[in-house]
Amino acid sequence: MTTKTFTTWAALLFVGCLFSQFDRTFGNLSKDEEAFTVFAKDSTANAVVLYEKGETYFKGIDRRIQLVKTYHAKIKILDENAFSEGNIAIPYYNSGGISEVVKDIRAITHNGRSKIGLAQNTIYTNNINERWSEIRFAFPKVQVGSILEYQYTIISPYLFNLTGWVFQSHIPKVYSEFNAMIPGNYIYNRTFVGNLKLDVNAATVEKNCFHLDGVAKSADCEVLKYAMKDIPAFKKEEEFMLSESNYISKINFELSEHYNVEGSHFKHTKTWDDVDKEFKSDKDIGRQLTKQGFLEKRVPDVLLSEGDDLTRATNIFNYIKSHFTWNGRYGIYHNVRVKEAFEERKGNVGEINISLINLLRSADIKTDLMLLSTRENGLPTKSHPVISDFNYIVAKVEIDGQDYLLDATDKLNPFGMLPFRCLNYYGRVMDFEDQSYWYTIEENENNNNVVRVQLDLDATNNKASGMFDNINMGYEALKKRKVLTEIGEEAYLNQLSRPNFFITAYDHQKERSDDKKVAERFSFEMEDLMDSDLITINPFIIRFFSKNPFLLEERNYPIDFGYKRSYSYYININVPKEYSVLEIPEKKLIALTSNNGSLKFDCTKSPNGISLYFHLTLDKVSYDPNVYPDLKELFKIATNIQNHSLIVLKKV
C-alpha cells in the first residue's frame, strides 16, 4: 500500500468515526446533536454549526454540462442573540438571461421532539444587482435550544462557479465537509487560505464516472474530500485589519482550462500579456484612455503648459479634484464613460481617475493606469491574473525619477497620498507601451499627532486655564480635516468640551498648516479644580484614544495599521506657591519584543511646576499575529496612562 493510499484510507476512517456523532439523513438528529448545549472550545458562542456538508459534481442536463451543488447544514441556537441565524440567504448568479437555479429547498426547526417545517410560500427572491440575486427565507419558531436544519440544490450552467468552500465563519463549527467530483477534462487551480489545518485532505480517481448522452467515451473523475472539525469562529476586530477574505480559512477553486467533447482546448487562466492586450482595447478602460483630445478642448490651455512637470501635474490633479464629485462607486469594469462624466461633473472612480490620466498625458507627463484592490476587497492574487481581484484605478506618475500615486476622487486628499482605503500593499501598473508589472504601494512616512499643553493654576483667583496646540501630520491630518469638513467647527468643539472643561477660543492655524498638516490652537478653562485643599488632576487634557482597540483573547491574523504612526503629548503645569506636589505618576518605558514599537512616559517635578511626556510609536505597518499579546498589552498600558494618571497637589 502506498503512502498516498494509506493517507486516503486514514482520512476516510476518520470521517467514518466522526459521522457517528451525526445523522446525515435530512430531518433526523443524532443523540449527540440533540444533547449539544455548549461548544467546549468557545463557551461564549451564541450559535454553533453542528454539521455542514457540500457536494459539487458535473451532470448532463438539458443537453449541456452543468454543475450541481448541494448543501446541508444544522445550526444550534445557544442564546437569543443568535436568532438572526434563522434568516437564510442563498445567492445565485445570472447573466444575459441565463440563470442558476435554486431548487429542492427544505428547512426544519427542531424544538425538542417537535419539528416545524418551512412553508414553501414564505420563500422569496431578492435582487442584489444585475448579476446576483438571492433566495431568502426565515426559519419558523426559532427559540433558544432550536436546531435549524436546511438543505438545497443549485444547478449552474456556469462552470467557473465551482469556486470552493469556506470552512470558517462568524460562528464556530463542529464539523464541515466539502466533496467534489470533477471530470478529468476540467482543470481547476486550487489554493488554501487561512491558518487552520485540514483534518481530511483526500484525492482519488474514479474511472468512467462521468457520461454525457451522445458521447461514446466516459470520463474519469478526480474525487476530492476536504474536512475540518472543531473550527473556531473568525472573530474580527473592526479596526486595524485588512479584508477578512485574506485570512478566513477556505479553499478556492478557479477554472484554469478544459477540453470539450470534440477535444478542443480552452484556456481560462490568462497570462499578463493576454490581459495587457485586452485592456488596451477594452471599451471601459483602454478606449477611455484615448479621450485626450476631448478633454484638452475643455480645460484652460495654461493648465497643460504652465510650469515645470511637478507644477503642471499638481495643477491638473487639483483641477480634476475640483471639477468632479465622486458618486461613491468604484466602477472600473462597467459603465466607464469619460465624456459623459466630465460633462456632468460627477463620476465613479474609473471615470475620474482615467480623466486625470488623460490630462496628465496631454501635459507630456509620463502616466500609467494602476489597478489595485481596496483594503476591504482583499489582496490581489500574484501567481496569475485574476482580474476580478481588482476593484480600483489610480494614476501612477513619474516626474524626475520620482513616482507618485494619485487618486482625485477625494477632494481632501493631497497630491501623492492615496486614500486610506487604497493602502493595500501593491497594485498592477498597466504600461501599454511595454508590459504591466507589480508596484509596491508606499504609505506616507510622517503620520504623527503631537499635542503640547500649558496649564496654569491660579490659587489667588481660584482658576485653572491654559492653551494647547494640536498638530496632525500625514494621514492623521487627513482624518482631522475630514472631521472638520463633515461635522463643522461648532460640533467639533462641542465634542472636545466635557463637564468642567470648556474650550474658550479656537484657531485653525492655516498659516502653519498645509495639505499634509493641520495645526490648531485652543484656549480652555477648567472649573471647580481649585476648590479644595487637595487637588487631583488627570494631566491628559486630550486623549488619543479612551479604550483599548484590542480585546480578543487571541488573534490569528495580522494586525494592519495601514501606515506607521506616532502619538506625542507634552504638558507643563505651573503650580502656584500655595500648593506642593504630593504625588505624580510613575515612569513607564515599554518596547515591543520585536522592537518595532514603544511607549515612553515620564513625569518630573521642578521648583515651579510639573512636566509630563507621553510618546507612543508604531514603527511598522503590519504586525504578525504572534505580536498580538504584546500589542494588546502596550495599548492597555497606554490607555490606562491616559485615563487614570493622577497628579495630586496639597495646599501648604
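The values are calculated or read from the model by the stated rules, or taken from the named source; none is laboratory data. Only a predicted model underlies this, so the values are computations on that prediction, with no experimental measurement involved. Here the Cβ positions follow ideal geometry from the backbone for every residue, glycine too, while neighbour counts run over all protein chains shown. Note: areas computed on protein heavy atoms with side chains; ligands, DNA, RNA excluded. Shrake-Rupley method; radii C 1.70, N 1.55, O 1.52, S 1.80 Å.
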Notebook entry, point to check: Of everything in the range 409-451 that's of a type in the set (Phe, Trp, Tyr), touching a helix residue (DSSP H, G or I) at 6+ places or on another chain (Cβ under 9 Å) and touching a residue at least 40 places away in the same chain (Cβ under 8 Å), which residue is most open to solvent (accessible area, probe 1.4 Å)?
Noted result: 420
Note to self: Return the residues of the range 481-508 that are open to solvent by less than 70 Å² (accessible area, probe 1.4 Å) and either touching a His at 6+ places or on another chain (Cβ under 7 Å) or touching a residue at least 40 places away in the same chain (Cβ under 8 Å) (or both); say none if nothing qualifies.
What the structure shows: 481, 482, 496, 501
Check: Would the range 254-261 turn up any residue that is touching a Phe, Trp or Tyr at 6+ places or on another chain (Cβ under 9 Å), outside any loop (DSSP other than H, G, I, E, B) and hydroxyl-bearing (Ser, Thr, Tyr)?
Finding: yes
Check: Does residue 563 satisfy being within 24 Å of residue 422 (Cβ to Cβ) and in a strand (DSSP E or B)?
Finding: no
Notebook entry, point to check: Identify, please: which residue in the range 374-400 is in a loop (DSSP other than H, G, I, E, B) and hydrophobic (A, V, I, L, M, F, W, C) and is, among those, modelled with the lowest pLDDT?
Noted result: 386
Note to self: If residue 596 satisfies all but one of (1) under 24 Å from residue 534 (Cα atoms); (2) at pLDDT below 95, what's the number of the condition it fails?
What the structure shows: (1)
Item checked: Residues being surrounded by fewer than 17 Cβ atoms within 10 Å (Cβ to Cβ), aromatic (Phe, Trp, Tyr) and under 19 Å from the mean Cα position of the chain (by Cα) - total across the range 537-590 -> 0
Notebook entry, point to check: In the list 236, 270, which residue meets the criterion of being closer than 17 Å to residue 390 by Cβ, surrounded by fewer than 17 Cβ atoms within 10 Å (Cβ to Cβ) and among the basic types (Lys, Arg)?
Noted result: 270
Check: So is residue 141 in a loop (DSSP other than H, G, I, E, B), charged (D, E, K, R) and either open to solvent by 80 Å² or more (accessible area, probe 1.4 Å) or in contact (Cβ under 8 Å) with a residue 12 or more places away in the chain (or both) or not?
Finding: yes
Check: Taking the stated definitions as given, is residue 378 at positive phi and open to solvent by 20 Å² or more (accessible area, probe 1.4 Å)?
Finding: no
Next item on the list: Please verify whether the range 229-245 includes one or more residues that are of a type in the set (Lys, Arg), in a strand (DSSP E or B) and free of Cβ contacts under 8 Å to residues at least 60 places away in the same chain.
Entry: no
Next item on the list: Could you grab me the full set of residues in the range 540-591 that are over 30 Å from residue 248 (Cβ atoms) and touching a Ser or Thr at 6+ places or on another chain (Cβ under 6 Å)?
Entry: 566, 572, 585, 591
Note to self: Which condition from (1) assigned to a helix (DSSP H, G or I); (2) touching a Cys at 6+ places or on another chain (Cβ under 9 Å) is the one that residue 640 breaks?
What the structure shows: (2)
